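Novice: Please see the structure below; I have some questions.
The values are calculated or read from the model by the stated rules, or taken from the named source; none is laboratory data. This one's a predicted model, so the numbers in the text were calculated from it and none came from an experiment. A quick note on method: Cβ atoms are made from the backbone with ideal geometry, for glycine too, and the neighbour counts reach across all protein chains shown. SASA here: full protein model, heavy atoms, side chains in, ligands and nucleic acids out. Shrake-Rupley method; radii C 1.70, N 1.55, O 1.52, S 1.80 Å.
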Amino acid sequence: MFYSKTDKTLATDRLLLRLFKETDAQQVSHYCNNYNLYKSTLNLPYPYTLDCALTWIANHEKHYDLDKMYEFAITDKQSGQLYGAIGISNHHQYQHGEIAYWIGEEHWGKGYATEAAKALIDFVFTEKNYHRVYARYFKSNPASGRIMEKCGMHYEGTLKDHIYKNGTFEDIIFYGIINPLT
């Protein structure tokens with residue numbers, strides 16, 4: 001992972017993680033207005049309109065500059081094609097944050113979320129001095145858990161019937177990783 005403090009970007013072998021731009025909103029709306037993505041995420045509304053995307057993008061740079069949250073577009077390093085999003089909260093007092101991500105369905109299964117998550121974890125451990133990163137996923141979405149495992153995260157527990165969504169209760173699975181540099 002290469003971090004450019006000036007550009008506010010993270011680069012990997014295939015990806016460039018950068019701040020979202022207003023011009024990304026149409027593609028974000030296209031990806032997120034998808035029931036398959038909605039049912040596997042905690043906070044995405046459905047339907048997902050262009051206004052939803054614009055509102056969501058509006059505060060990303062401010063959050064980044066205030067060290068409140070780091071939210072990045074996951075893009076192809078060469079073409080600039082947008083694949084999805086990844087973000088992590090910053091709880092200063094606890095020296096940890098929660099990572100979350102989504103990938104447009106047509107790009108599932110290509111390792112983009114794993115590559116981006118590894119880079120973001122490395123970024124917060126080396127540049128932001130986090131002690132711990134954690135994540136959670138719906139039990140009905142085991143692919144998200146496999147991403148966490150590939151990033152070196154470990155199973156920490158299950159909250160049974162913790163979320164009520166789409167007329168049913170969902171178990172939430174927690175994973176975490178401790179900064180090996182601390």
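Novice: Can you confirm whether segment 30-37 contains a residue that is over 14 Å from the mean Cα position of the chain (by Cα) and within 19 Å of S89 (Cβ to Cβ)?
Specialist: Checked against the condition, which is being over 14 Å from the mean Cα position of the chain (by Cα) and within 19 Å of S89 (Cβ to Cβ), segment 30-37 yields no hits at all.
Novice: Additional query: In segment 1-35, what residues are surrounded by 15 or more Cβ atoms within 10 Å (Cβ to Cβ) and of a type in the set (D, E)?
Specialist: Of everything in segment 1-35, just one residue is surrounded by 15 or more Cβ atoms within 10 Å (Cβ to Cβ) and of a type in the set (D, E), namely D24.
Novice: A follow-up question, please. In segment 120-153, which residue that is among the small types (G, A, S) and more than 11 Å from the chain's Cα centre (by Cα) is surrounded by the most Cβ atoms within 10 Å (Cβ to Cβ)?
Specialist: G145
Novice: Related question: Within segment 111-162, take every residue that is touching a Lys or Arg at 6+ places or on another chain (Cβ under 9 Å) and among the aromatic types (F, W, Y) and give me the one that is nearest to T182 (Cα to Cα).
Specialist: If we take residues in segment 111-162 being touching a Lys or Arg at 6+ places or on another chain (Cβ under 9 Å) and among the aromatic types (F, W, Y), then Y112 is nearest to T182 (Cα to Cα).
Novice: Moving on to the next point. What number of residues within segment 1-41 satisfy the criterion of being in contact with a helix residue (DSSP H, G or I) (Cβ under 9 Å, 6 or more places away or on another chain), assigned to a loop (DSSP other than H, G, I, E, B) and at pLDDT 95 or above?
Specialist: The total comes to 9.
Novice: Which of (1) among the aliphatic types (A, V, I, L, M); (2) assigned to a strand (DSSP E or B); (3) open to solvent by 20 Å² or more (accessible area, probe 1.4 Å); (4) over 15 Å from K39 (Cα atoms) is the odd one out, the single condition I163 does not satisfy?
Specialist: Of everything listed in (1) among the aliphatic types (A, V, I, L, M); (2) assigned to a strand (DSSP E or B); (3) open to solvent by 20 Å² or more (accessible area, probe 1.4 Å); (4) over 15 Å from K39 (Cα atoms), I163 misses just condition (4).
Novice: Same structure again: I need every pair where a residue in segment 143-156 that is assigned to a helix (DSSP H, G or I) has its Cβ under 9 Å from the Cβ of a residue that is open to solvent by 100 Å² or more (accessible area, probe 1.4 Å), sequence separation at least 6 or different chains.
Specialist: From segment 143-156, the pairs are A143/W108; G145/K139; G145/Y155; M148/H154; M148/Y155; E149/Y155; K150/K118.
Novice: Considering only residues that are touching a strand residue (DSSP E or B) at 6+ places or on another chain (Cβ under 9 Å) and of a type in the set (D, E, K, R), which ones fall in segment 62-102?
Specialist: Of everything in segment 62-102, those that are touching a strand residue (DSSP E or B) at 6+ places or on another chain (Cβ under 9 Å) and of a type in the set (D, E, K, R) turn out to be K68, E71, D76, K77, E98.
Novice: Another question, if that's okay. Taking L66 as the residue in question, decide whether it is touching a Ser or Thr at 6+ places or on another chain (Cβ under 6 Å) and open to solvent by 20 Å² or more (accessible area, probe 1.4 Å). Spell out how you get there, then give the answer.
Specialist: Numbers: touching a Ser or Thr at 6+ places or on another chain (Cβ under 6 Å): no; open to solvent by 20 Å² or more (accessible area, probe 1.4 Å): yes.
No; evaluated as a whole, the condition is false for this residue.
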